[in-house]
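Only the coordinates and a few stated rules stand behind these numbers; no lab work does. Every value quoted in this text rests on a predicted model; they were computed, and no experiment measured them. Backbone-built Cβ (ideal geometry, glycine too); neighbour counts: all protein chains shown.
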There are 2 protein chains.
Amino acid sequence: MEPSQWFVEGYNGSALMIKIRETLFEKKRLQHIQIFETESFGKMLVLDGKIQLTERDEAMYHEMLIHVPLFSIENPEKILIIGGGDGGSVREALKHDPAEVLLIEIDRDVYDACKKFIGIDNGALGDGRVSVLFEDGIDFVRNAKEKFDVIIVDGTDPNPVSGSLVMEEFYENCRRITDIFATQSQSPFVQRNYFTEIIENTKKAFEFCSVYINYVPTYPLGLWSYVLASGGSIKAVEPDYEVLKKRWEERRIETKHYNPEVHVASFALPEWLRKQMGEI
Amino acid sequence: MEPSQWFVEGYNGSALMIKIRETLFEKKRLQHIQIFETESFGKMLVLDGKIQLTERDEAMYHEMLIHVPLFSIENPEKILIIGGGDGGSVREALKHDPAEVLLIEIDRDVYDACKKFIGIDNGALGDGRVSVLFEDGIDFVRNAKEKFDVIIVDGTDPNPVSGSLVMEEFYENCRRITDIFATQSQSPFVQRNYFTEIIENTKKAFEFCSVYINYVPTYPLGLWSYVLASGGSIKAVEPDYEVLKKRWEERRIETKHYNPEVHVASFALPEWLRKQMGEI
């Protein structure tokens, strides 16, 4: 194997290698952005050395991040998405036919590069119901006056750019303007510290919090986690299969990975994870 | 990274690297056996270049392979395990307090090396209820006259040594001597051909077949699959949570990964996999 043909992402004693055909884009300003054409995963976005998405498996991540909170509520009309300049989350959110989706992306270079070189938004970023603001999500929620039906955080690994997205103040500001909230929460197997910090801080801000997990092959060792949190009149954190199934049939959403069975199953946590979370 | 310090297992355009501290054992006869001390996964068994187990995540595989079929029946007394000379499957099977467990391992070198250098059987292989025969599982079931409450196949990737373990004749011979059967069935994401062949051939031999999946980080891209099959009076392939929960409480089994919630969840298949299996 020619080392230069492989992209390598390491995680503490292990690493994933992805075979590269071509570098399509590279830029280093706010974050180090790389876009590759890979051998068997289609196009791949890497930020600061970490795989953010590949065309082959991004639906496994974006569908679980978006459809779990959106199927948890009756009528998602006004949706705020923080991060996710690639447009995959916006694409999935639009399938619920909301009145408006606001995307807050801190790094305009990511947005522009993804739109030009990857295009997984399938035109969603140009949809009339979608607005995009290029600013820090932390500042946006701190100053926000309007309320949202749901807020979803599609952030990167905590780093100097996104680090404050896992802090208590951020979650409290989100709680002030929404009753239902979801965030990606890293790999519980490989990135225990980040995972724990996200869970603990969302718990401080929201009355109800549940963790759900899903398989995403190109994320660290293939397991990814999310937090679904809520407050006020909404206790939508325990999935009810019959309700989900009914909404799934009514909304007629096409997916590659998500279905109501997978939604319910994703809340079943293995013993090691329940122990790690202090539940047993 | 010093290349020689890393073990690399490739799968079609991607690869997993595991950092190695030391090679504890190596032998090439029936299969190429390697046992490593790794940086962060404990000891690791590799056969013909493919990771079979690491101490850190083997329970995720062995518990799902064994407890799903054994919790699916009332009283598992007589258990046949084909493959799995490392003893992990026997260790889990003994937790159900059966009368006897018969292990058929084709490669005595694997059995001896695992017992000496890994020891994940925790003494199970020396238990009075356990017998071990070193012969080909294909031949054993072809000639077997006695019946078993359950047969479980803990085979390697199909290769010259284990290849016939995925053939119709083998499953039909198993059906003749058992009403309930489980086998590992490879990665449905990375090894579609093997996966499909296993499903199709078990379906020919057993009246009821279900696929279940689970996360095993050091298996190809982290997702692994299994088939639960049954016939005769047993239709134990659709999990019933209340029944499983009751048996789980009665048998008082300690696990690292398995619980009745995870058992039920593992049968929820994502849309891409249902499509791949021709179900939708």
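For the stretch B:58-276, the ratio of Cα radius of gyration to the globular rule of thumb 2.2 N^0.38 Å stands at 0.93. Rg ratio for the stretch B:113-233: its Cα radius of gyration over 2.2 N^0.38 Å, N being its residue count, equals 1.11.
The rotation axis taking chain B to chain A passes closest to the C-beta of one chain B residue; that residue and the distance in whole Å read B:Gly222, 1. Given points 7 Å out from each Cα along the Cα-Cβ axis, report the A:Lys28 to A:Arg142 separation in nanometres with one decimal. Placing both labels 7 Å along Cα→Cβ, they lie 2.9 nm apart.
Along each principal axis, taking the top coordinate minus the bottom one, the Cα set of the stretch B:3-54 gives 29, 24, 19 Å in descending order. Taking amide hydrogens as placed 1.01 Å from N in the peptide plane, the amide H of B:His32 sits under 5 Å from those of B:Asp48, each at least 5 positions away in sequence or on another chain.
For the stretch B:13-104, the alpha-carbon radius of gyration amounts to 1.26 times the rule-of-thumb value 2.2 N^0.38 Å expected for a compact globular protein.
Taking Cα centre as origin and charging only the Cβ of basic (Lys, Arg, +1) and acidic (Asp, Glu, -1) residues, the dipole magnitude of the stretch A:87-178 rounds to 240 debye. The residues A:Trp224, B:Trp272, when put in order of fewest to most other Cβ atoms within 10 Å, stand as B:Trp272, A:Trp224.
Ranked from shortest, the separations from the 7 Å Cα-to-Cβ label point of A:Glu100 to its equivalents in the other copies are 7.4 nm. According to the Kirkwood relation over distinct C-alpha pairs, the hydrodynamic radius of the protein assembly as shown is 24.6 Å. Computed over the alpha-carbon pairs of the stretch A:77-181, the distance histogram in 10 Å steps reads 16, 50, 30, 3 percent, short to long. A straight Cα-to-Cα reach below 14 Å connects B:Lys235 with the aspartates and glutamates B:Glu74, B:Asp149, B:Asp179, B:Glu207, residues fewer than 8 places away in its own chain not being considered. Dipole magnitude for the stretch A:24-70: computed about the Cα centre from +1 point charges on Lys and Arg Cβ and -1 point charges on Asp and Glu Cβ, it is near 280 debye.
Straight-line cross-link reach from B:Lys43 at under 17 Å between alpha-carbon atoms covers these lysines, not counting any fewer than eight positions away in the same chain: B:Lys19, B:Lys27, B:Lys115, B:Lys116. Taking other C-beta atoms within 10 Å as the exposure proxy, B:Val153, B:Val130 rank B:Val130, B:Val153 from fewest upward. For the protein assembly as shown, the Cβ-based charge dipole about the Cα centre amounts to some 20 debye (Lys, Arg positive; Asp, Glu negative; other atoms uncharged). Here the stretch A:208-280 is described by how far its Cα atoms reach on the three principal axes: 37, 34, 17 Å, from widest to narrowest. Fewest-first ordering of A:Val227, B:Val132 by other beta carbons within 10 Å of each residue's beta carbon gives B:Val132, A:Val227.
Share of antiparallel DSSP beta bridges in the protein assembly as shown, in percent to the nearest 5?
Taking every DSSP beta bridge with both residues in the protein assembly as shown, the antiparallel ones total about 70 percent.
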